[in-house]
Amino acid sequence: MLEVSGLTTKYGEISALREASLHVGAGEVVGLIGPNGAGKTTLLNTIAGLLAPSAGGVVFDGDDITGHSPEGLLRSGLALVPEHRRIFVNLTVEENLRIGGVTVPPSDRPGLLDEMGERFPILRDKWTTSAGYLSGGEAQQLAIARALMSRPRLLMMDEPSLGLAPLLVDVVFELIDTLRSQGRTLLVVEQNATKMLDLADRAYVLRSGEVVAEGTGAELRDNRDLFDTFVGN
Amino acid sequence: MFPNLRRDVIFPVCGSVILFVLFVGVGLAYQSQFSGAAERLVTFALIDAILVLGIQIYVGNTGILSFGHIGFGAIAGYAFALFAITPAEKLKRIPDAPFGLLDVNVSPWLAVVVAVAVTLVVAFVVGIGLARSGAESGAVSATVITLALLFVTHELARNWPDLTGGDRAGLSFRIGGTLDSRVPVYLALLVSIVLARLYAQSRGGRVAVAAREDDLAARAMGVNPLIQQMVALLISVVVVSVGASLRVYENGSILPRDMFFNLTLVTLVMLIVGGRRSVTGALVGVAVITTGRELARRLGQDGFEVFGIGLDGAPLDWIFRENLKSVFMGVSMLGFMIWRPSGLLDDWELDKWLHSRFGRRSEVPPESLPVIEPDDSSVLVAEGVDVAFGGFQALDDVGIRASRNEVVGVIGPNGAGKTTLLNVITGLVESSSGSVALGGVDLSSAQSFRIARSGLVRTFQNLRLFAALTVRENVEVSALVAASLRRHRPPPDVDGLIAAAGLWEHRDRRARELDYGTSRRLELARAAATAPAFLLLDEPTSGMSDSESLLMVEQVRQMAGLVGAGVVVIDHDLNFIIGICDRIYCLDCGQVIAEGTPEEIQVDPVVQAAYIGSAAGD
Amino acid sequence: MTELLQNLIDGLGRGSIYALLALGVAVIFGVMHLLNFAHGELITVSGYASFWALGAGWSWYLTVPLIVAVSVLTSLIIERVAFSRVRGADDFTLLLTSFGVHFVVSAIFLLYVSASVKTYPRPAWVTNTFAVDSLRIEVFDTVVIVVTIATLVATTLLLQRTTFGLSLRAAAADFDTARLMGVRSNSVIRGAFALSGALAGIASVFWLMRSGSTSPTAGIDPMLKGVLAALIGGLGSLRGAVLGGFTLGLAEVILRSRLPDSVASLTEGVVFLLIALLFIFRPQGLISVPHAERV
């Protein structure tokens, strides 16, 4: 479904991403792990159109989407749950969800809203609360639900467990597991490598902007030298 | 005050004289070509140049957009008029003048001095207000306050007829009505140019420019930008006051609308067209806009006949109307903001160019400097630090210790609190409890620039160089600040540091043109140039490849060694950290979870778990 | 007591117009971080349109919608021609660009019409008053306050209930993330300028009705009031802008009635002075919107 080849992104002179390549098949859950500053967020942001790559390309379902705008990509079926969630704190929970659905025909929106309310009962309870009052875990659920509103074919998530207490981290991973069992295609960047590898079909390890290892979730999980790969010994 | 006599005093003064001669020369040439009103036009252009130079001293060096300088001009202009006009004249216009001003009669020279003095007092008060409001390059609040000044002076002038003659009559002179000779104008112009250049090259001016480029980084070096902004304001007001007084004298009268929006627009357009960061630019701007306005005026009056072509009903005739010059001004301002916001000359200066071509003795990179042992053993200690953001505990009873002769690392996953800890130590974030001390001196609640002055200098995760300044200027301003603040220690040799950092070949390139690795080395060199007790580095290798990170290990060791500083470094690159540190602290979820040597940390399962996460049930 | 009530009503009447202007300024600042000093030009242009229409025999009933339409159109044209080219530029550039627009527009009128003030007939009822107890209330003030309240209600509904309003509020909070949600940046910005133009249009109607005249520099005063009111309220807050507008109106009226006669004409100056003091002591305005900087 998604084919990334030789992607290089620079911030001015900084090469945050150096010829990274990966692919995600329909229905797969693919993990992207690695130490911080490795370029994982840069990779997702480049795919999502927030950053322009200086080299390489991205193909989504056969269409070349390299350099397309985020607005356009969403309409093609590619959604991103950004790092730090970035929910709109001046809007209510419901409004956040509605904004997630602006690209969907107006007649479908009420149905989608109901669906989200059912799937995320915690949000249902806080439907009219201002999103600024949500806890970290609730905000994460809102961010995911908001992205789901656009009925994406591929959902990308950037560090969904960031900043959450261990109990909530489990909740988030359960959520990802649920999405997986619904047959969704996911590309997830995670700091919590072991938990992610338990869940993922396949995964890539990123370090200093390059892909340094790839394999199935099980392969990488059982690799004794995972820490060394992170460090680069 | 002036780091390099040739470059910072001799060349600027000579360059100013040349600029003066060129500028006046062009004016006189124009005058001889077109008689009649041309002479007055040139006189006003010279006076406008003084006003624009005054504004440039402030706006150019601090980056703060001021709409109020003509308001200062109004104050100076009225003060000048009130003191210089004869009592007989005043009796006609303002018989009820307050404060006994009716009987005052001094020579025009003294009147100028009084005008400058009065305006300086007002400027000082306004300056304090600007400082309190947090004026900083690009800040809206500063612009609003200066705009308010412009309107307040205008309203006062209009609505206090006893003092100012009000809106219709104003105040007028009978001291010839126009200047008898241009000598005072020439003198004032030359002095203004010299003053503007010398200020920009002085320590004060450089510090102001650094703060303009990056306020946070300047404070992290020990600069308090507010002081220099006040100095720049006062110097600029002196020049503007003189210009305004001359203008009033040449005009022979003063009305409220003379020193209001229109003159503000004209002077601002002149400043930005030439390039607000350059004194040469200011003069070029005055020349260009004066010529343009005059051309527009003539075109408006006479159409194509200006060029000796008589075309009636020609296609472009509809453009040529009265007041074409107003359109010209507006279009110039708009056009430049859209297509060339930095102006024609950006920050090019004649004397800097002359110096780089003719003034430089051949420069040889210095031999490597001897390694300095730290002269005291002040220890950096942070204890029991707690920081909460809302309900989120960013730091929980965190403590670290570092001495001058070691490199201490702080590692941990994203969101662990590493940068927050650094922010607490350097005064950017307040802790709710705990303390930070250097050599026994408590720094817990000090402001960031004071902490930097005590010897704790940091770099930033997002590179914060003084982009428009050259490599050498970046390092130099840092050393200048250190030299003046801590006189008992000799500051490091700037050239030596640049050479040691491998930046010698880049020394004249602007910081924004450097590639990333070089930029990071510059940031390090700049921090080292303050000769600090400790260098606090925030992710110095972020964005670097593995090989570049390895080079950084040497760089950091070398820089620290050259200036005798201890190092505390945060980074995610474990290879780098293990390669450079003597001791390492590992943070997770705001707490210190491990401490030890690189060997110990590497195999610590707690650290490993923090990095790659623990599976459910582990 | 009656004097206080009188002042209150007068102040609210003035403040209503300021609130509408301020809201227009705040809407644009919210999405573009641009302080629009050219906002007053919308009134200048509308003024000339009125002068032309009324001179051609149009009634005020027709002129009112004309004013609003002209205002919206001008706002969109200015965005297209000038502001679209400086999106994302630093504050210095943005500020000077909006000033540049202000000067170009007023210069064009200076050039092609004339520098002189053009007057036109005001509607008959503008100077009518009616009495309630010992209060003398201007019909005009009442109309202004009522229309303003209606406009604010309509704007609130627009912002809270429509998708466009939602997009605008999201973009003001986090432009990049709004784009991730599929909100098109051009649509949002143009919509903001159109909304700003409509609000200015309504304010213009009353401003022009009251002044009965226009000139190339007619826009400076309302622009200043709108910008200052938005700043008083705290840039970035729409509620603050409205609050700032009413505060400014009330402050003007109260100051005028309180200052001794000899310095009454200095009201404007005093207002500016107070605003400057406000910025010295509370630069973020009355209602502050948090603004964090990543280190």
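The values are calculated or read from the model by the stated rules, or taken from the named source; none is laboratory data. The model shown is predicted, which means the values in this text are computed figures rather than measured ones. We place every Cβ from the backbone using ideal geometry, glycine too, and count neighbours over all the protein chains shown.
Consider segment B:432-460 and keep the residues that are within 13 Å of chain C (Cβ to nearest Cβ) and in contact with a strand residue (DSSP E or B) (Cβ under 6 Å, 6 or more places away or on another chain). The one that is surrounded by the most Cβ atoms within 10 Å (Cβ to Cβ) is B:ARG458. When you scan segment C:50-66, do you find a residue that is at pLDDT 90 or above and buried (at least 22 other Cβ atoms within 10 Å of the Cβ), even just one? No: segment C:50-66 contains no residue that is at pLDDT 90 or above and buried (at least 22 other Cβ atoms within 10 Å of the Cβ).
Within the group B:ARG197, B:ARG168, B:ARG257, which residue is more than 14 Å from every other protein chain (Cβ to nearest Cβ) and either under 30 Å from B:GLU89 (Cα atoms) or not aliphatic (A, V, I, L, M) (or both)? Please lay out each step first, then the result.
Numbers: B:ARG168 fails: more than 14 Å from every other protein chain (Cβ to nearest Cβ); B:ARG257 fails: more than 14 Å from every other protein chain (Cβ to nearest Cβ).
One residue alone meets the criteria, B:ARG197.
Number of residues in segment A:192-202 that are surrounded by 22 or more Cβ atoms within 10 Å (Cβ to Cβ) and either at the interface with chain B (Cβ under 8 Å from one of its Cβ atoms) or part of a strand (DSSP E or B) (or both): the value is 4. Checking each residue in segment C:86-103 for being under 21 Å from the mean Cα position of the chain (by Cα) and more than 7 Å from every other protein chain (Cβ to nearest Cβ) picks out C:LEU94, C:SER98, C:HIS102.
For (1) under 14 Å from the mean Cα position of the chain (by Cα); (2) in a helix (DSSP H, G or I); (3) farther than 14 Å from C:LEU180 by Cα, each residue gets a yes or a no:
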residue: A:LEU22; (1), (2), (3): no, no, yes
residue: A:GLY27; (1), (2), (3): no, no, yes
residue: A:GLY31; (1), (2), (3): yes, no, yes
residue: A:GLY72; (1), (2), (3): no, yes, no
residue: A:ASN90; (1), (2), (3): no, no, yes
residue: A:ARG124; (1), (2), (3): no, yes, yes
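Do we have any residue at all in segment A:221-233 that's among the charged types (D, E, K, R) and at pLDDT 85 or above? Spell out how you get there, then give the answer.
We begin by selecting, within segment A:221-233, every residue among the charged types (D, E, K, R); these are A:221-222, A:224-225, A:228.
Checking which are at pLDDT 85 or above leaves us with none.
Checked against the condition, which is being among the charged types (D, E, K, R) and at pLDDT 85 or above, segment A:221-233 yields no hits at all.
Determine whether C:LEU250 is at pLDDT 85 or above and either among the hydrophobic types (A, V, I, L, M, F, W, C) or closer than 25 Å to C:MET32 by Cα (or both). Against the criterion (at pLDDT 85 or above and either among the hydrophobic types (A, V, I, L, M, F, W, C) or closer than 25 Å to C:MET32 by Cα (or both)), C:LEU250 qualifies.
Checking B:LEU524, B:LEU469, B:LEU480 one by one, the residue that is modelled with pLDDT under 90 and in contact with a helix residue (DSSP H, G or I) (Cβ under 9 Å, 6 or more places away or on another chain) is B:LEU480 and no other.
Scanning segment A:167-191 for residues that are under 21 Å from A:GLY34 (Cβ atoms), within 14 Å of chain B (Cβ to nearest Cβ) and not in a loop (DSSP other than H, G, I, E, B) turns up A:VAL169, A:VAL172, A:PHE173, A:ILE176, A:VAL188, A:VAL189, A:GLU190. Restricting the search to segment A:203-223, which residues are away from chain B (no Cβ under 12 Å) and farther than 14 Å from A:GLY34 by Cα? Once the filter is applied, which keeps residues that are away from chain B (no Cβ under 12 Å) and farther than 14 Å from A:GLY34 by Cα, segment A:203-223 yields A:THR216, A:ALA218, A:GLU219.
Candidates B:ILE64, B:ILE55, B:ILE75, B:ILE85: the one that is modelled with pLDDT under 90 and not basic (Lys, Arg) is B:ILE85. For segment B:123-136, a residue qualifies if it is assigned to a helix (DSSP H, G or I) and surrounded by fewer than 19 Cβ atoms within 10 Å (Cβ to Cβ), and the qualifying residues are B:PHE124, B:VAL125, B:ILE128, B:ALA131, B:ARG132.
Could you check segment B:431-447 and list, in sequence order, the residues that are at pLDDT below 90 and of a type in the set (Val, Ile, Thr)? Residue satisfying the conditions is B:VAL441 alone.
Here is a list: B:VAL407, B:VAL429. Which entry is of a type in the set (A, V, I, L, M), within 14 Å of another protein chain (Cβ to nearest Cβ), within 23 Å of B:ILE593 (Cβ to Cβ) and touching a residue at least 24 places away in the same chain (Cβ under 8 Å)? Don't jump to the end; show me each part of the working.
Working: B:VAL407 fails: within 14 Å of another protein chain (Cβ to nearest Cβ).
The match here is B:VAL429.
Every listed requirement among (1) in a helix (DSSP H, G or I); (2) more than 13 Å from every other protein chain (Cβ to nearest Cβ); (3) without any contact (Cβ under 8 Å) to a residue 60 or more places away in the chain is met by C:PHE164 save one, (2).
The set of residues in segment B:384-396 that are loosely packed, with under 15 Cβ neighbours inside 10 Å and more than 13 Å from chain A (Cβ to nearest Cβ) comprises B:GLY384, B:ALA388. Taken over segment A:34-78, the residue count meeting the criterion of being surrounded by fewer than 19 Cβ atoms within 10 Å (Cβ to Cβ) and under 21 Å from B:ASP546 (Cβ atoms) is 3.
Is it fair to say A:ARG98 is in contact with a Lys or Arg (Cβ under 9 Å, 6 or more places away or on another chain), under 22 Å from C:VAL183 (Cα atoms), at the interface with chain C (Cβ under 8 Å from one of its Cβ atoms) and modelled with pLDDT of 90 or more? The answer is yes for A:ARG98. Looking only at residues in segment C:200-239 that are under 11 Å from C:ILE17 (Cβ atoms) and touching a His at 6+ places or on another chain (Cβ under 9 Å), the one that is farthest from the other protein chains (Cβ to nearest Cβ) is C:ALA200. Checking each residue of segment A:147-166 against the condition of being crowded, with 18+ Cβ neighbours inside 10 Å, in a helix (DSSP H, G or I), under 17 Å from the mean Cα position of the chain (by Cα) and on the phi < 0 side of the Ramachandran plot gives at least one match. The single condition from (1) closer than 23 Å to B:GLY390 by Cα; (2) over 16 Å from the mean Cα position of the chain (by Cα) that A:GLU118 fails is (1). The number of residues in segment C:104-136 being within 8 Å of chain B (Cβ to nearest Cβ), of a type in the set (Ser, Thr, Tyr) and surrounded by fewer than 19 Cβ atoms within 10 Å (Cβ to Cβ) comes to 1. For B:LEU147, the stated conditions hold: it is crowded, with 22+ Cβ neighbours inside 10 Å, under 19 Å from B:THR62 (Cα atoms) and more than 16 Å from the chain's Cα centre (by Cα).
Quick check on B:LEU463: is it touching a helix residue (DSSP H, G or I) at 6+ places or on another chain (Cβ under 8 Å), surrounded by 18 or more Cβ atoms within 10 Å (Cβ to Cβ), at pLDDT below 90 and outside any helix (DSSP H, G or I)? So that I can check it myself, show each step before the final result.
Values: touching a helix residue (DSSP H, G or I) at 6+ places or on another chain (Cβ under 8 Å): yes; surrounded by 18 or more Cβ atoms within 10 Å (Cβ to Cβ): yes; at pLDDT below 90: yes; outside any helix (DSSP H, G or I): yes.
Spelling it out, B:LEU463 is indeed touching a helix residue (DSSP H, G or I) at 6+ places or on another chain (Cβ under 8 Å), surrounded by 18 or more Cβ atoms within 10 Å (Cβ to Cβ), at pLDDT below 90 and outside any helix (DSSP H, G or I).
How many residues does segment C:109-122 contain that are in contact (Cβ under 8 Å) with a residue 24 or more places away in the chain and part of a helix (DSSP H, G or I)?
2
Quick check on my filter: what residues within segment A:149-171 are of a type in the set (A, V, I, L, M) and out of contact with any strand residue (DSSP E or B) (no Cβ under 7 Å at 6 or more places or on another chain)?
A:MET149, A:LEU162, A:LEU164, A:ALA165, A:LEU167, A:LEU168, A:VAL169, A:VAL171
Given the criteria surrounded by fewer than 20 Cβ atoms within 10 Å (Cβ to Cβ) and among the charged types (D, E, K, R), does B:ARG293 qualify? Give the derivation first.
Values: surrounded by fewer than 20 Cβ atoms within 10 Å (Cβ to Cβ): no; among the charged types (D, E, K, R): yes.
Criteria not met by B:ARG293.
Does B:ASP346 satisfy the condition of being surrounded by 15 or more Cβ atoms within 10 Å (Cβ to Cβ), among the acidic types (Asp, Glu) and closer than 30 Å to B:LEU574 by Cβ? No, not satisfied.
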